[in-house]
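Encoded as C-alpha cells, the structure appears first; notes follow it.
The values are calculated or read from the model by the stated rules, or taken from the named source; none is laboratory data. These figures come from a predicted structure and were not determined experimentally. Glycine gets a Cβ as well: all are built from the backbone with ideal geometry, and neighbour counts include every protein chain shown. Ligands, DNA and RNA are stripped out before the accessible areas are found, and what is left, the full protein with its side chains, is counted by its heavy atoms. Shrake-Rupley method; radii C 1.70, N 1.55, O 1.52, S 1.80 Å.
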Protein chains: 2
Amino acid sequence: MSGAESDRLLSLPSKNHEKFLRTLFDNVLDKAIFDGTKRENKVLEWTDPEELQKKLNMDLKDDPDSDETLLKLANDTIKYSVKTGHPYFVNQLFSCVDPYGFAGQLITDALNPSVYTYEVSPVFILMEEVVLKEMREIVGYKNGEGDGIFCPGGSLANGYSISCARYHAFPDVKAKGLHSLPRLVLFTSADAHYSVKKLASFMGIGTDNVYLIRTDECGKMDMSHLESEILRAKEENALPFMVSATAGTTVLGAFDPLEKIADLCEKYNLWMHVDAAWGGGALMSQKYKKLLKGIERSDSVTWNPHKMLACPQQCSTFLCRHEGILSECHSSNAAYLFQKDKFYDTKYDTGDKHIQCGRRADVYKFWYMWRAKGTKGFEKHVDQIFEKAEYFTELIKNREGFELIAEPECTNICFWYIPKKLRNLPRDDQFNQELHKIAPKVKERMMKEGSMMITYQPLNSKPNFFRLVLQDSSLTKQDMMHFVDIIVKYSEEL
Amino acid sequence: MSGAESDRLLSLPSKNHEKFLRTLFDNVLDKAIFDGTKRENKVLEWTDPEELQKKLNMDLKDDPDSDETLLKLANDTIKYSVKTGHPYFVNQLFSCVDPYGFAGQLITDALNPSVYTYEVSPVFILMEEVVLKEMREIVGYKNGEGDGIFCPGGSLANGYSISCARYHAFPDVKAKGLHSLPRLVLFTSADAHYSVKKLASFMGIGTDNVYLIRTDECGKMDMSHLESEILRAKEENALPFMVSATAGTTVLGAFDPLEKIADLCEKYNLWMHVDAAWGGGALMSQKYKKLLKGIERSDSVTWNPHKMLACPQQCSTFLCRHEGILSECHSSNAAYLFQKDKFYDTKYDTGDKHIQCGRRADVYKFWYMWRAKGTKGFEKHVDQIFEKAEYFTELIKNREGFELIAEPECTNICFWYIPKKLRNLPRDDQFNQELHKIAPKVKERMMKEGSMMITYQPLNSKPNFFRLVLQDSSLTKQDMMHFVDIIVKYSEEL
Ligand SMILES: Cc1ncc(COP(=O)(O)O)c(C=O)c1O
Ligand SMILES: Cc1ncc(COP(=O)(O)O)c(C=O)c1O
C-alpha cells in the first residue's frame, strides 16, 4: 500500500493529514464561523431538495475522493447549510455558535470519549457530576443533592421523568412491565411539548393515557381542569402517577403555575416533573428566575442548556431530587463494562444509570462556556435576551398591524402582522383564512432571499402566527427593528 | 460593556476570538490528535478520582476565566483524558480518531444543525436518506428500500426495534399502551447486549419478559432452546412478538445463526431484529459478510458505524425493511414544527419519525469518511482488522500459557493468560479464584503505566478473561506481539 493510499485508509492521524486538517479548519473558521454569522451575509442559500441533490452530489462511491474534492465538499456543505449561528436565525429554540462552546466541542471531538466509566472517561465522568450538582443547586434542590444525567435531548429527558416517576410509584415495573399494573395516567398541558406524549407512547403508556389539561389564553395550565382530570382518572380506576408541568412552553413561552401544581401533586401524591427544557435558562438570572417559582418543590426537571443558554447542540439534562433513583430504575450491572473488581472506587462508573451505553461528553462544551463566562456571564446573557424580547414586544405593540397572541413571559414572542388590505375586514372565518396564508408566504420569501428565518404555526383555532425566538445575546435593538421592518415589508408586498 | 467583556459574553464569534480558536486548534491537533495517537506516548495518565478533582479544578465560578486559563484547562483536559484514538486502546468496541471523521465533526459542529426539517437542515436531511439507503442495500434489503434513522447509540436503535415490532403486531399500542394487551414476550440470547433488556424495561415490557436463550460454547443462540421458549411463552398465554438476534456479540463476538432464526421467525410470525451494532461493519467486506448470512431476511437491523468502521462517537443506525413504519409508529405531527403548508415538499421533513426532537447530524462524519475512503476503503479496513485478529489468535495459540475462551469469529478475541505459577495446578475452584484475580491486576498496572488498555470480564461461570478488541486498521503485527508481551510480562511479574 502506498503512503498516500494508506493515509486515506487508516483511521490513524499522521503528519500527512496535517495540511488537510489545517486547510479545512481555516475554511470552517472563515466560512461557517465568521462569514456564516455576519449580519450582512445570508442566513441560507435556498435550494430546493431536488436541485440540492444535484448540486451537492451526495452519492457514495467505491473509490475514494481526493483531498481537494473533500475540501470542496466541505465548502459546499457549508454553503448550502442554514447558518443557525446567524443572528437572523430566530426560527427555533436553539441558535448561535458560541465560540467557547465551539471550542469545547473541538476538544471533545478530538478526544472522542464515551462516558460510562471513570476508566475510559475520567475527566468527563467527574465533570458531569460537578455540573449537574450546580444545576440542582440553581433549581433549588437542598444542597444540590439528588440525581441527574446528560442525555441526547429534552425529549429523552422527559422520557426519563416518566421512567423515574413510574418506578417510584411501582418499583415492580422494571421487571414485570406495565402488564402487571392498572392503567397508568399522566397529566400535561395541551401546550406542553409533544415529546411527553411521544415518549409516553414509546414507553408503553400510550398517548390516550396522557390527559391533556386545558390552558388559559396565555398558555398556562388550568388548575381546576387539572384537578378534575385527576379525579376523572381515579373514577375510571386508572392510576394517576405524574404531572408534567412546563416552564417555558414551546410556542407561547408560558410558565405553568408551579406552586399550585406542587400543591396538587402533594395532595394526590403525584410525581411532579417540570419540563424547563426551554425556560430553565431563566434560573440563571436573579431577575427572571421568579418565573419558575416552585420548581424547587418538583421531583424532577428537564433543562436544556442548548436552548436558552446558547450552548451547542446537544446539551440536555435531566435533574432529579431523589438520590440514586436513576440507577435503581435503569441499572443492569453488565459484567463486561461495570466490573466491581476494579482497582478504583467504582461509584464513579455512573454509566449504568442511563438507558444509553456509549454516550458523547455533552457536558464539556457547557462546562467550558460556563468557565469562559462565569455564572454572572450566563446571567447577563439571560437578562439581555429578556430585555430584547421586552423591547421587541414594545415595538410591535406600538406599530400598526401587529397583534400579540399573548403577553410574552419568556423570550419567544408570538404575533400576527395583519397587512393593510386585511385590516378593516370583519374578524370572521374568511379573515382567518386569509391571515392564515400570510406567514407561510412571508417565510417563503425570507428563505428564498436568505434574509432571516422566523417560524410560524397555528395554535388551537388561531390562524398561522409568527414566533420570534431570542436566545442570542448579541442581538441589538437595531436587529429588533430590522425584524419588524422585514415582516412588514414582505407582508405588504404579497 | 467593554470590548473584551462582551467578546466573552456574547454567543457571536468575532475576529477577536480568532486567535483564541486558532491557538486552541493548534493545541488540540498537536496534543490530542497527533501526540495522543503516537505509539511511544502513553494511552493515559492515570490519576485517581480524588486527585484528579484537585489537579483539574472543575468548580464553576461566578466570574469568567481568562483565555489563558481556558487554554490551560483545555490542555489539562487533554492530558488527563484517556487517548481513545491511541493504537494501544483496545479496550472497547470503539476507538480511533479517524482524520476524516474528525474533519466531518468539525464541519458539523461549526454548522450546529438540528436534523428535523429540510428547512433547517437541508444538507443533512437529504444525506441521511442517501446513507441509510446505501446501508440497507448492503444489508440486502430489496433495492435498499425500507426505513431507517440515525440515533444516539445502538442501545436506542435496539429500542426502536422493539417499538416497531410491537407496533407492527399491535398498532393500537401507540394510543392505548401495553395496558390493553396481553403480556408481550421477546427473545434474545444470554450473550446479547444488555440494552435489549434495558430498553424493554424502559418501554414498559419489563426485564422478566425478555426471555434469555441459552448460547453454545461459542456464544451463539441455541435454536432448540429458542423454539422451546417460544412455545413456553405461548403456553403461558403470553404473546411472543420478536426475536433480537445478535451479529457480533459484545464479549465473544459471536454471530447468531441468522438463517435459522429467520426460519423460526417465519414459522411463528415473529419480528426478526438483528443487533449488528458491532458486527455490522463486516458487511462491507466481500470476504467476511458471510458471517451475517440471513440478515437480508430480517425485519430490522442495528448497525453502529462508530464501532467496527471506526467512525467517531456517536454514529448509530436503525434500519428497517418496512417502509414508513417509523413515522406511523412515532409521529405526532406537532403543528409548530412540521407545518404542512410549507412552500416545499414536506416529505423531506423526516424528524417526526424519531423519538428525539432536536438531533445532531451524526450522518456527516460517516458520509465524509465514506467519501474519503470509498466503499473499497471500508472493505480494506475491515479485512485488515480481521487479518490482525486472525494473526493475534494464531500468536496466542502458539504461546504457552494462553487459552482461548472460544474460537473467535469477529475481531474481538477473548482469552486467559495463565501465569507459570498457576499452570500446573488442578483446574478446580481454587484455580478459578486465582485466575479470576489476574486480569484486574494486570489491567491496573497497564493503566498506571499508561502502556495499553484492554478490558476483562467474567462470563457465566468463567473467571475473568481478557477481551482484545480490534477496530483500528493501522494496527500491525508488531503491535499484536507487543500486546502479547505486555500481558505475559505483567502477569508473570505479579
Ligand atoms: C418545552 C420543550 N420541552 C422539550 C423539548 C424537546 O427538547 P429536544 O429538542 O432537546 O428533544 C422542547 C423542544 O423544543 C421544548 O420546547
Ligand atoms: C452488540 C451490541 N449492541 C448494542 C450495543 C450498544 O451500542 P451503543 O453503545 O452505541 O448504545 C453494543 C455496545 O457495545 C453492542 O456491543
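Numbers below:
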quantity	calculated
Residues within the range B:469-483 that are within 13 Å of chain A (Cβ to nearest Cβ) and open to solvent by less than 10 Å² (accessible area, probe 1.4 Å), tallied	7
3 or more residues closer than 30 Å to B:ALA282 by Cα and touching a helix residue (DSSP H, G or I) at 6+ places or on another chain (Cβ under 8 Å): qualifying helices (runs of 4 or more DSSP H) within the range B:419-494	B:477-492
Total residues in the range B:232-250, condition surrounded by 24 or more Cβ atoms within 10 Å (Cβ to Cβ) and not in a strand (DSSP E or B)	3
Residue check for A:ASN41: at the interface with chain B (Cβ under 9 Å from one of its Cβ atoms), out of contact with any Leu (no Cβ under 7 Å at 6 or more places or on another chain) and closer than 25 Å to B:TYR116 by Cα	no
Which listed residue is within 16 Å of ligand 2 (Cβ to nearest atom) and under 23 Å from A:GLY279 (Cβ atoms), from A:GLY146, A:GLY219, A:GLY140, A:GLY153	A:GLY153
Selected residue (criterion: nearest to ligand 2 (Cβ to nearest atom)) from residues of the range A:174-196 that are part of a helix (DSSP H, G or I) and surrounded by 24 or more Cβ atoms within 10 Å (Cβ to Cβ)	A:SER195
Members of the range B:284-315 found to be more than 14 Å from every other protein chain (Cβ to nearest Cβ) and either more than 15 Å from ligand 2 (Cβ to nearest atom) or in a helix (DSSP H, G or I) (or both), listed by number	B:LYS287, B:TYR288, B:LYS289, B:LYS290, B:LEU291, B:LEU292, B:LYS293, B:GLY294, B:ILE295, B:GLU296, B:ARG297, B:ASP299
Residue satisfying condition, being open to solvent by 10 Å² or more (accessible area, probe 1.4 Å), more than 16 Å from ligand 1 (Cβ to nearest atom) and at positive phi, within set A:ASN112, A:ASN143	A:ASN143
Checklist (1) touching a Lys or Arg at 6+ places or on another chain (Cβ under 6 Å); (2) open to solvent by 10 Å² or more (accessible area, probe 1.4 Å) applied to A:LEU326, failing item	(2)
Count of residues meeting criterion [more than 7 Å from chain A (Cβ to nearest Cβ) and either within 26 Å of the chain's Cα centre (by Cα) or outside any loop (DSSP other than H, G, I, E, B) (or both)] in the range B:63-77	7
Scope the range A:336-358; condition within 13 Å of ligand 2 (Cβ to nearest atom) and within 7 Å of chain B (Cβ to nearest Cβ); matching residues	A:TYR336, A:ILE355, A:GLN356, A:CYS357, A:GLY358
B:TYR160 being surrounded by fewer than 24 Cβ atoms within 10 Å (Cβ to Cβ) and either within 16 Å of B:THR207 (Cα to Cα) or within 18 Å of the chain's Cα centre (by Cα) (or both)	no
Criterion: open to solvent by less than 60 Å² (accessible area, probe 1.4 Å), in contact (Cβ under 8 Å) with a residue 40 or more places away in the chain and in contact with a Phe, Trp or Tyr (Cβ under 7 Å, 6 or more places away or on another chain) - qualifying residue of A:ILE486, A:ILE405	A:ILE405
Residue that is farthest from B:LEU199 (Cα to Cα), among those in the range B:359-394 that are more than 10 Å from chain A (Cβ to nearest Cβ) and acidic (Asp, Glu)	B:GLU394
Number of the condition not met by A:LYS83 [criteria: (1) within 9 Å of chain B (Cβ to nearest Cβ); (2) touching a strand residue (DSSP E or B) at 6+ places or on another chain (Cβ under 9 Å); (3) within 16 Å of ligand 1 (Cβ to nearest atom)]	(3)
Set B:GLU229, B:GLU217: member being touching a residue at least 40 places away in the same chain (Cβ under 8 Å) and in a helix (DSSP H, G or I)	B:GLU229
Hey, B:LEU425 buried (at least 16 other Cβ atoms within 10 Å of the Cβ), without any contact (Cβ under 8 Å) to a residue 40 or more places away in the chain and over 28 Å from the mean Cα position of the chain (by Cα) or not	no
Lone unmet requirement of (1) more than 16 Å from ligand 1 (Cβ to nearest atom); (2) under 30 Å from A:GLU444 (Cα atoms); (3) open to solvent by less than 10 Å² (accessible area, probe 1.4 Å) for B:TRP303	(2)
Given (1) more than 23 Å from the chain's Cα centre (by Cα); (2) at the interface with chain B (Cβ under 8 Å from one of its Cβ atoms), number of the condition A:LEU404 does not satisfy	(2)
Among the candidates B:LEU93, B:LEU56, B:LEU111, B:LEU60, residue that is touching a Ser or Thr at 6+ places or on another chain (Cβ under 9 Å) and more than 7 Å from every other protein chain (Cβ to nearest Cβ)	B:LEU93
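Condition check ((1) part of a loop (DSSP other than H, G, I, E, B); (2) open to solvent by 30 Å² or more (accessible area, probe 1.4 Å); (3) at pLDDT below 95; (4) within 16 Å of ligand 1 (Cβ to nearest atom)) across all residues:
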position	(1), (2), (3), (4)
A:SER332	yes, yes, yes, no
A:ASP341	yes, yes, yes, no
A:ARG359	yes, no, no, yes
A:TRP370	no, no, no, no
A:GLU390	no, yes, no, no
